1. Would segment 92-104 turn up any residue that is at pLDDT below 50 and surrounded by 13 or more Cβ atoms within 10 Å (Cβ to Cβ)?
2. Looking at residue 37, is it surrounded by fewer than 23 Cβ atoms within 10 Å (Cβ to Cβ) and either within 16 Å of residue 19 (Cα to Cα) or modelled with pLDDT of 95 or more (or both)?
3. Where residues in segment 40-66 are closer than 11 Å to residue 80 by Cα and assigned to a strand (DSSP E or B), which of them is nearest to the chain's Cα centre (by Cα)?
4. So if I check each of 44, 22, which one is loosely packed, with under 12 Cβ neighbours inside 10 Å and at pLDDT 90 or above?
5. What residue, among those in segment 74-90 that are part of a strand (DSSP E or B) and more than 10 Å from the chain's Cα centre (by Cα), is farthest from residue 64 (Cα to Cα)?
6. Step by step: first the residues of segment 15-35, then only those that are part of a loop (DSSP other than H, G, I, E, B) and touching a residue at least 24 places away in the same chain (Cβ under 8 Å), then the one that is farthest from the chain's Cα centre (by Cα). Which residue is that?
7. Does segment 47-80 hold any residues that are in contact (Cβ under 8 Å) with a residue 60 or more places away in the chain and surrounded by fewer than 22 Cβ atoms within 10 Å (Cβ to Cβ), and which are they?
């Protein structure tokens, strides 16, 4: 993991959706978002999204980085690193730069990686560099 991602993943969440919270609508932030509860709508941040095991999301996610341990039904557009933990369940398409899948994670959909995979999120008119290549993922043996 590169230093920038490590620093971002270890920084505190600016927005926390607790385990008993249910959000219906869009969730926009410029900081890290930690989701432990339920979200229906869209989730958008230029930083990182953490989907904790037990969280249920029925939303598209647009973020700089994401670590997913819960369930997502929706498309993920991640400009940097996407990590699916062993408890992750994803139904939807994934666009990201770097993709890591732990043993036990479940994913159903298409995956595009590299520079053409995804355009960065635009938050308050600020936009980062775009990605441009698309690759198929081969399962490891």
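The values are calculated or read from the model by the stated rules, or taken from the named source; none is laboratory data. Keep in mind it's a predicted model, so treat the numbers as computed, not measured. Counting neighbours? That spans all protein chains shown, and the Cβs are built from the backbone with ideal geometry, glycine included.
1. No, there is no match, as no residue in segment 92-104 is at pLDDT below 50 and surrounded by 13 or more Cβ atoms within 10 Å (Cβ to Cβ).
2. yes
3. 66
4. Testing whether each residue is loosely packed, with under 12 Cβ neighbours inside 10 Å and at pLDDT 90 or above leaves just 22.
5. Top of the filtered list is 89.
6. 19
7. Within segment 47-80, 80 is the sole residue that qualifies.
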